[in-house]
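Single-structure report; data block below.
The values are calculated or read from the model by the stated rules, or taken from the named source; none is laboratory data. Just so it is clear, the structure is predicted and the values come from calculations on it, not from any experiment. Cβ sites come from the backbone with ideal geometry, for glycine too, and all protein chains shown count toward neighbours.
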Amino acid sequence: MSSVTKEQVWQQGQEILPWLVEVRRDFHQYPEIGFEEFRTQEQIMRYLDEMGIPYTKSAGTGIVGLIQGGRPGATVALRADIDALPITEAEDREYRSKIPGKMHACGHDAHTTCLLGAARILNSYKDELAGCIKLFFQPAEETDGGALPMIKEGVLENPKVEAVFGLHVSSDIPVGQIGVRYGQMNASSDELIITVRGENGHGAYPHSGRDAIVIAAHVITALQTIVSRNVDPRQAAVITLGVIQGGTANNILAQEVKLSGTIRTLDPGVRKLVKERVRELADLSARSLGGTAEVTINEGYTSLINNDNLVDLVKRNGEELLGTQNVRINAMPNMGVEDFAYFAEHVPGAFYHLGVRNEETGCVYPVHHPNFDLDERSLAVGASLQAYNALVYLKENEKR
């Protein structure tokens, strides 16, 4: 059984902090969006080569590293997403993005750095480990989702992964703290597109046509009753229509209006109900006014549901490394989405939030904001905790 202590892991995280800052700032200056992370991939491979950690490519721009312990045992995975967002960075900081229109505004540069730091810590103890650790550097979390392609390529097999841990930065939580959540962590998402069709006519003679704008307005209003009148109020659901496009002139009845938006739910049964009601109400509302509504729903990410036993492990480890007062229990799930959900759907998983907020240095902006930044001391916290999560899991599941 490994004799590595929490003090050793924490100390190593602090010692490599300057390196972590350097690594993160390099990624930050060269952001790449989903499935275009070629430079990012090359840098990750370079760091793994320096550590002597073998790896294979996956899902195009992803990487799977493998730290093989000195004795047989369980297999645990640590996951980080590596892609950036199509956002122009606002702040003129020294490590500002050098790629116009692209920015690590969601902290994936930090996630990648934390995983590299955890790998560096864990690799120094590999001969003492019973089992092995897989390192998932996953592309395209913000776009098409890189988790499913990696799973389909077999990253959870050979050796078979028995548990997976992931983290996400949070500017709502001060640096030095983490937030954990039992059970439902993130919502599912579905893209909604509704094409409403009527009939052209002169704006002065509305009776001569079928006004698609008026029909669309009734469809929009009807859809708002789904959450308020069809979904159990003890459940959560969101229907947001973010785009309305239609009409050609101010004196012509619109023949076609396109609505697009998103559906967010936590429960699979509620997800099914909402999609069914969207189709029914859009169709009935349009037909009642002489028009039609064509509904397209493109399935997005599934709900992220944490394994309570693994959340317990993260909570205990966080309390040991950071202190009980620095581990928060998140009372409510997040209606945002996260494709870590697919890993957690196939094997037990735990996803948690890493605090990066520091009001004194202006690290207060939310993710996806052009001013987003983080207190880089969080990199050592994330690297240490992820390493400790893997060590404790292997120790508690050592195969004798």
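List the strands (runs of 3 or more DSSP E) that sit entirely inside the range 145-205 and contain at least 3 residues that are hydrophobic (A, V, I, L, M, F, W, C) and farther than 22 Å from Asp83 by Cβ. I'd like the intermediate steps shown before the answer.
Values: elements: 163-174, 178-180, 184-186, 188-197.
The strands (runs of 3 or more DSSP E) meeting that bar are 188-197.
So that you can scan it fast, the table gives a plain yes or no per residue for (1) assigned to a loop (DSSP other than H, G, I, E, B); (2) outside the structural domain of Trp19 (by TED's automatic domain parsing); (3) of a type in the set (S, T, N, Q); (4) more than 26 Å from Ser170 (Cα to Cα):
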| site | (1), (2), (3), (4) |
| --- | --- |
| Val64 | no, no, no, no |
| Gly73 | no, no, no, yes |
| Glu94 | yes, no, no, no |
| Thr112 | no, no, yes, no |
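Among (1) surrounded by fewer than 19 Cβ atoms within 10 Å (Cβ to Cβ); (2) over 18 Å from Ala84 (Cα atoms), there is one condition Tyr125 misses while meeting the rest; what is its number?
Here Tyr125 meets the rest and fails (1).
Determine whether the range 270-288 contains at least one residue that is surrounded by 19 or more Cβ atoms within 10 Å (Cβ to Cβ) and assigned to a loop (DSSP other than H, G, I, E, B).
For the range 270-288, residues surrounded by 19 or more Cβ atoms within 10 Å (Cβ to Cβ) and assigned to a loop (DSSP other than H, G, I, E, B): absent.
Can you pull out every residue in the range 114-144 that is in a loop (DSSP other than H, G, I, E, B), within 30 Å of Pro366 (Cβ to Cβ) and of a type in the set (A, V, I, L, M, F, W, C)? Steps first, please.
From the range 114-144, those in a loop (DSSP other than H, G, I, E, B) are 124-125, 129, 139-144; that's our starting set.
In the following step, the residues that additionally are within 30 Å of Pro366 (Cβ to Cβ) were identified as 139-144.
Correct list: Ala140 only.
For residues that are within 21 Å of Gly318 (Cβ to Cβ) and of a type in the set (S, T, N, Q), tally how many sit in the range 328-372.
3
Exactly one of (1) hydrophobic (A, V, I, L, M, F, W, C); (2) under 21 Å from Asn158 (Cα atoms); (3) free of Cβ contacts under 8 Å to residues at least 60 places away in the same chain is unmet by Ala80. Its number?
(3)
Tell me the residue from Gln43, Gln68, Gln138 that is surrounded by 21 or more Cβ atoms within 10 Å (Cβ to Cβ) and not β-branched (Val, Ile, Thr), please. Show your work before the answer.
Numbers: Gln43 fails: surrounded by 21 or more Cβ atoms within 10 Å (Cβ to Cβ); Gln68 fails: surrounded by 21 or more Cβ atoms within 10 Å (Cβ to Cβ).
So the residue among Gln43, Gln68, Gln138 that is surrounded by 21 or more Cβ atoms within 10 Å (Cβ to Cβ) and not β-branched (Val, Ile, Thr) is Gln138.
This table checks each residue for (1) outside any helix (DSSP H, G or I); (2) over 14 Å from the mean Cα position of the chain (by Cα); (3) surrounded by fewer than 22 Cβ atoms within 10 Å (Cβ to Cβ).
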site	(1), (2), (3)
Gly336	yes, no, yes
Ala344	no, no, no
Arg357	yes, yes, yes
His369	yes, yes, yes
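Over 16 Å from the mean Cα position of the chain (by Cα), surrounded by fewer than 24 Cβ atoms within 10 Å (Cβ to Cβ) and outside the structural domain of Val76 (by TED's automatic domain parsing): is that true of Ile193 in this structure?
Spelling it out, Ile193 is indeed over 16 Å from the mean Cα position of the chain (by Cα), surrounded by fewer than 24 Cβ atoms within 10 Å (Cβ to Cβ) and outside the structural domain of Val76 (by TED's automatic domain parsing).
Give the residues of the range 73-95 that are of a type in the set (Val, Ile, Thr) and over 21 Å from the mean Cα position of the chain (by Cα), sorted by residue number. Talk me through it step by step, then tell me what you get.
Taking the range 73-95 first, the residues of a type in the set (Val, Ile, Thr) are 75-76, 82, 87-88.
The one that is of a type in the set (Val, Ile, Thr) and over 21 Å from the mean Cα position of the chain (by Cα): Thr75.
Mind counting the residues in the range 322-351 that are within 17 Å of His111 (Cα to Cα), among the aliphatic types (A, V, I, L, M) and touching a Gly at 6+ places or on another chain (Cβ under 8 Å)?
Of all residues in the range 322-351, those within 17 Å of His111 (Cα to Cα) come to 337-341, 343, 349-351.
Then drop every residue that is not among the aliphatic types (A, V, I, L, M), which leaves 337, 341, 350.
Of the ones still in play, those that are also touching a Gly at 6+ places or on another chain (Cβ under 8 Å) are 337, 350.
Number satisfying all stated conditions: 2.
Per-residue answers, yes or no, for (1) basic (Lys, Arg); (2) more than 15 Å from Glu376 (Cβ to Cβ):
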residue	(1), (2)
Ile33	no, yes
Glu37	no, yes
Gly62	no, yes
Ile67	no, yes
Ile82	no, yes
Lys102	yes, yes
Ala110	no, no
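Within the range 236-274, count every residue that is within 25 Å of Asn200 (Cβ to Cβ), more than 22 Å from the chain's Cα centre (by Cα) and among the aliphatic types (A, V, I, L, M).
8
The conditions are (1) polar (S, T, N, Q); (2) more than 15 Å from Leu167 (Cα to Cα); (3) not assigned by TED's automatic domain parsing to the domain that holds Lys272, and Ser285 fails exactly one of them. Which is it?
Unmet for Ser285, out of (1) polar (S, T, N, Q); (2) more than 15 Å from Leu167 (Cα to Cα); (3) not assigned by TED's automatic domain parsing to the domain that holds Lys272: (3).
Buried (at least 24 other Cβ atoms within 10 Å of the Cβ) and under 23 Å from Leu135 (Cβ atoms), is that true of Asn397? Please lay out each step first, then the result.
Details: buried (at least 24 other Cβ atoms within 10 Å of the Cβ): no; under 23 Å from Leu135 (Cβ atoms): yes.
For Asn397, the condition - buried (at least 24 other Cβ atoms within 10 Å of the Cβ) and under 23 Å from Leu135 (Cβ atoms) - is not met.
Which number in (1) closer than 16 Å to His111 by Cα; (2) touching a Phe, Trp or Tyr at 6+ places or on another chain (Cβ under 7 Å); (3) in a loop (DSSP other than H, G, I, E, B) marks the one condition that Val4 misses?
(1) is the only condition that Val4 fails.
How do the pairs read when you match residues in the range 309-331 that are under 20 Å from Gly183 (Cβ atoms) and without any contact (Cβ under 8 Å) to a residue 12 or more places away in the chain with residues anywhere that are part of a loop (DSSP other than H, G, I, E, B) and among the charged types (D, E, K, R), using Cβ under 9 Å and keeping only pairs 6 or more apart or on different chains?
That search, which allows pairs on different chains as well, returns Ala331/Arg181.
Within the range 96-155, restricting attention to residues that are acidic (Asp, Glu) and more than 15 Å from Gln41 (Cα to Cα), which residue is nearest to the chain's Cα centre (by Cα)? First the steps, then the outcome.
Step one: filter the range 96-155 for residues acidic (Asp, Glu), giving 109, 127-128, 141-142, 144, 153.
In the following step, the residues that additionally are more than 15 Å from Gln41 (Cα to Cα) were identified as 127-128, 142, 144, 153.
Working: Asp127: 33, Glu128: 33, Glu142: 7, Asp144: 12, Glu153: 20 Å.
Here the residue is Glu142.
Assess whether Ile53 counts as being in contact with a Pro (Cβ under 9 Å, 6 or more places away or on another chain) and either without any contact (Cβ under 8 Å) to a residue 24 or more places away in the chain or not in a strand (DSSP E or B) (or both).
On the way: in contact with a Pro (Cβ under 9 Å, 6 or more places away or on another chain): no; either without any contact (Cβ under 8 Å) to a residue 24 or more places away in the chain or not in a strand (DSSP E or B) (or both): yes.
Here the answer is no, as Ile53 does not meet what is asked.
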